[in-house]
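**Student:** Before I ask anything, let me first share the structure, which is written out below as structure tokens.
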Amino acid sequence: MNQRITFVVSCCLFLAFASCQKFKGSQTVPAYIHIDTIGVECDYYTYGANTANITDAWIYVDDQILGCYELPATFPVLKKGKHKVTVYGGICMDGIGASRGPYPFYKPVEYQGLDLEEDCIDTLNPIVTYYPIGEGVMVGWMEDFETGNALLPTSQSDTSVMRVSGSEAWHSVNSYYSGKVVLPPDSLDFTVASADELTCHTNLLGEKPLYLEMDYKTNDTIFVGIIFRENSTLVQWPMVKVVPTDTEHDVPQKWKKIYINLGKLMHEHENASYFKVYFTSDLTVPSEYGQPDYVHPHKWRYYYFDNLKVLYRQ
């Protein structure tokens, strides 16, 4: 359905575009490009696992934006002959479908001299990579639970994160362990935070991007936020409500990936001496975050985490 809607919208945009261009050229039949998915490749020892949730393709033709297309997509291009086509991997920021954009840490794929033909479909299979460290991208913090556990309980928590393997863990070539929190029925909440005090934003970021990537599965709502110290005051601020990945099973089976924009808050607190990322099941948060979507206080609650990483630009 999403593909059909995207294609219809694209055709409408094409008709409008074509009507504006009909006096500037003779082409009336478009070429087409199809993209099913956009993959990710990266060096594990630099960027961790190559998990991704690329939902959109942002397309430029000859360095001019053509549009954003929800994947999989087939879209028209009112060009023929050889042209430069650039594909950016797009995400839903904070897991919100209405908040989309190219992920600023994925390097786009360029197709030089793509030969476009009228009424023909070119199928592209782009695979993006992270920008190299030397090009200003930095890894501020990373935890994949393979060699330890850098998520520690705060004073508000009555439980901690354990490392698990086997069928419970997220698996890849280099991944065998994940983090897990279990809350028995009628238990208190958990709150865990990164052990490291991150200072990557201090006097560096300005309006530059700062993101947390996370793989997770849970049968309960959780909040992701930041703890920061500013003017000798410790502030704990919830940012994103993360809804359950699986409500059909007692123990969640489905992993998902989310990209959380930390910069939108830290840019307002550049005088903070450090910050930490935290995760909590405590739903007593300000009303603007809404009510939890799925809470069963009389059931076991499970929370799994993996491939956590904070990325920023200098």
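Nothing in this text is a laboratory measurement; each read-out follows from the coordinates by a stated rule. Computed from a prediction, not measured in an experiment: that's the story for all the values here. As a convention, Cβ positions derive from the backbone with ideal geometry for all residues, glycine included, and neighbour counts pool all protein chains shown.
**Student:** Checking the cross-link filter: which aspartates and glutamates have an alpha carbon closer than 17 Å to that of LYS241, excluding same-chain neighbours under 8 positions apart?
**Tutor:** Partners found: ASP94, ASP189, GLU213, ASP215, ASP220, ASP282, GLU288, ASP293.
**Student:** Going down the list LYS256/LYS276; LYS208/LYS264; LYS180/LYS256; LYS180/LYS299, which pairs span over 18 Å between their C-alpha atoms? Walk me through the numbers before you get to the answer.
**Tutor:** On the way: LYS256/LYS276 22 Å; LYS208/LYS264 10 Å; LYS180/LYS256 15 Å; LYS180/LYS299 16 Å.
Table pairs above 18 Å Cα-Cα are LYS256/LYS276.
**Student:** Also, I was wondering about something else. Sorted by mean Cβ packing within 10 Å, highest first, what order do the peptides 101-109, 180-188 take?
**Tutor:** Values: 101-109: 19.2, 180-188: 14.7.
Taking the mean over residues of other Cβ atoms within 10 Å, the ranking is 101-109, 180-188.
**Student:** Then there is this: Rank by packing, highest mean first: peptides 57-69, 217-229, 244-256, with packing defined as the count of other Cβ atoms within 10 Å averaged across residues. Please report the intermediate quantities before stating the final value.
**Tutor:** Numbers: 57-69: 17.5, 217-229: 22.0, 244-256: 15.5.
Highest mean packing first, the order is 217-229, 57-69, 244-256.
**Student:** Now a separate question. Mind giving me the nanometre distance, one decimal, between the label points for VAL173 and GLU118, set 7 Å out from Cα along Cα→Cβ?
**Tutor:** 4.6 nm
**Student:** To make sure I understand the rule: partners must be lysines, Cα under 29 Å from the Cα of LYS82, and not fewer than 8 residues away in the same chain. Which ones qualify?
**Tutor:** LYS22, LYS24, LYS107
**Student:** Kirkwood-based Rg over Rh for region 147-266 (C-alpha set), two decimals? Working shown, then result.
**Tutor:** Values: Rg = 15.8 Å, Rh = 16.2 Å.
So for region 147-266, dividing Rg by the Kirkwood Rh gives 0.97.
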